1. Rounded to whole Hz and in sequence order, give me ³J(HN,Hα) for the stretch 81-90 from the Karplus expression 6.51 cos²θ - 1.76 cosθ + 1.60, θ = phi - 60°, writing x for Gly and Pro.
2. How far is helix 96-109 tilted off the main Cα axis of the chain, in degrees rounded to 10, range 0 to 90?
3. Hey, what do the phi angles of the stretch 47-63 turn into as Karplus ³J(HN,Hα) couplings, whole Hz, using 6.51/-1.76/1.60 and θ = phi - 60°, x for Gly and Pro?
4. If each of ALA96 and TYR138 carries a label point 7 Å out from its Cα toward its Cβ, how far apart are those two points in nm?
5. Can you give the percent of C-alpha pairs in the chain whose distance is more than 21 Å?
6. Could you go through the stretch 4-11 in sequence order and give the Karplus-derived ³J(HN,Hα) for each residue, using 6.51 cos²θ - 1.76 cosθ + 1.60 with θ = phi - 60°, rounded to whole Hz, and x for Gly and Pro?
7. Any idea how far the Cα center of the stretch 35-84 sits from the one of the stretch 94-134, in Å?
8. Taking +1 at the Cβ of each Lys and Arg and -1 at the Cβ of each Asp and Glu, which of TYR75, VAL2, THR121 sits farthest along the dipole of the chain towards its positive end, judged by Cα position relative to the Cα centre?
Amino acid sequence: EVVAAAQSARERVGLVATVDTLEYLVRGGRVNLAVGLLGDLLQVKPLLTIQSDGTATCIARRRTRRAALEYMVQYVAERLNNHTRLEVAVMHADAAEEALELQKRAVEVWPEAEVAITDFTAVMGGHTGPGLIGLAYYYE
């Protein structure tokens, strides 16, 4: 019964996030040095999500931070389309001002949802560096 409930919830929860710089992903060996340097030079912001099997996947890339944040809202909006009882959380690692802006945008898009702001865990911040920001969601 517990396993069935967990599997059901897994299908209704998600996260999309972006990093401010590829530097920490390069340091951790998750991104090739040349790709990281070129990506930072071109201000490429990868958009990452966690798959149902727990693996992180790059689902898109945007050229600016603002475009990446707007993509996150659109991505989540597609998944929350026509669902009720929504919960949305803005998560960040040392990006409080942007988190507030993203929260305001989320409240505009989902006025019926409670939109919280919280910090990413130290482990997440350690792997991605400061500037990590994301939108987590759950629906019933």
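1. These are the phi-based 3J(HN,Hα) values: 3, 6, 9, 10, 6, 8, 10, 10, 10, 8 Hz.
2. So the inclination is approximately 40 degrees.
3. 10, 10, 9, 9, 6, 5, 8, x, 8, 8, 9, 7, 9, 6, 9, 10, 7
4. 2.6 nm
5. Details: 4097 of 9730 pairs.
In whole percent, the long-distance tail amounts to 42.
6. So the J values, rounded to whole Hz, are 4, 5, 5, 5, 5, 5, 4, 6.
7. Distance between centres, Cα-based: 13 Å.
8. It is TYR75, whose Cα lies furthest towards the positive end.
Bear in mind that the values in this text are calculations on the coordinates, not laboratory data. The shown structure was predicted, so the numbers you read here are calculated from the model rather than taken from an experiment. Neighbour counts are summed over all protein chains in view; Cβ atoms, including those assigned to glycine, are modelled from backbone coordinates with ideal geometry.
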